[in-house]
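For reference, the structure is listed below as structure tokens.
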Amino acid sequence: MLKFDNLTKIYQGNKAAVQNLSLEVEAGDIYGFIGHNGAGKTTAIKCAVGLTDITSGDVTIDGVSITRDPLACKRLFAYIPDNPDVYEYLTGIQYLNFLADVYKIDKAKREKNIYALTDVFGITNALGSLISSYSHGMKQKLVITGAVFRKPKLLILDEPFVGLDPQAIVSLKQIMKNLCNSGSAIFFSTHVLDVAERLCNKVAIIKQGKLVAAGETEKLTDGRSLEETFMEVVKND
């Protein structure tokens, strides 16, 4: 579903943010992408979704290249960034309807799926208000709704649990499980290792732009906690 093929990103000054990253996320996977601050997680994700140019290598989604056919590729996935930047001059429902129009979702389907999610997140009553009046957490819930309501084949998230209250975190984890049970795939970065350990069937660890470990969570941890495994792998490469 999502394939990084020797992805390399070098910034000005010959700084390599990501080096020869290769890994594959399959349909049904909840794949955690972990690493310390500055390890290259966000850069890799931005390359995958077409927000950052790729120096060499490629990223494909369901066999479609983000470099050769970015528009077709972007129809296949939904992306939730670490900071919920949205059009604050729109109301919540105007923003969601705008997204539905972009992806050509019919009225009946959009209303059913949108309100099912906003009810779960407790923001239905705020949909008529300008987004500029929303708290950070409400904006995050709105962005999640906008990404999930069309049930994409692939959901890519960058630190999705930051800014969410405990109830919303529980709801998001269940939504992620439901998506994968329906055949979608999820790839997300996180610093919350205990959540990744319980939620992800696969994890990858990146250090200084290089992949240092990847695979099924149970095999990778081998009876230890993910936190212990992460600290050992990062220390010893």
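Taking the C-alpha atoms only, the angle from helix 226-236 to the longest principal axis of the chain is near 40 degrees. When only alpha carbons of the chain are considered, Rg and Dmax amount to 17.8, 54 Å.
Scalar couplings 3J(HN,Hα) for the stretch 188-196, obtained by applying the Karplus form with A = 6.51, B = -1.76, C = 1.60 to θ = phi - 60°, are 8, 8, 7, 9, 8, 5, 5, 5, 4 Hz; x denotes Gly and Pro.
Rank-order 17-24, 152-159 by packing density, defined as the average count of other C-beta atoms within 10 Å over each peptide's residues, highest first.
So the peptides 17-24, 152-159, ranked by packing, come out 152-159, 17-24.
Calculated FRET efficiency, Asp5 to Leu130, Cβ-Cβ distance, R0 = 41 Å: about 0.45 to the nearest 0.05. Computed from label points 7 Å out along Cα-Cβ, the spacing between Lys15 and Arg198 is 3.6 nm. Computed from Cα atoms, the angle from the helix 166-181 axis to the main principal axis of the chain rounds to 80 degrees. The slack between His191 and Asp85, meaning 0.36 nm per residue of separation minus the straight C-alpha distance, is 36.1 nm.
Of all DSSP-defined beta bridges confined to the chain, some 55% are antiparallel rather than parallel. Considering only Ile105, Ile66, Ile205, the mean-square fluctuation computed in a Gaussian network model of the chain, springs between alpha carbons under 10 angstrom, is largest for Ile105.
For the pair Ser65 and Glu24 in one chain, pulling the backbone fully straight at 0.36 nm per residue adds 13.4 nm over the alpha carbon distance. Taking amide H positions as modeled 1.01 Å from N, with prolines and chain starts lacking one, the residues under 5 Å from Ala185 and 5 or more places away or on another chain are Gly28, Leu154, Leu155.
Readers should treat all values here as calculations from the given coordinates under stated rules, not as data from a laboratory. Quantities reported herein were computed from a predicted structural model and do not represent experimental measurements. So basically every Cβ, Gly included, is an ideal-geometry build from the backbone, and we count neighbours across all protein chains shown.
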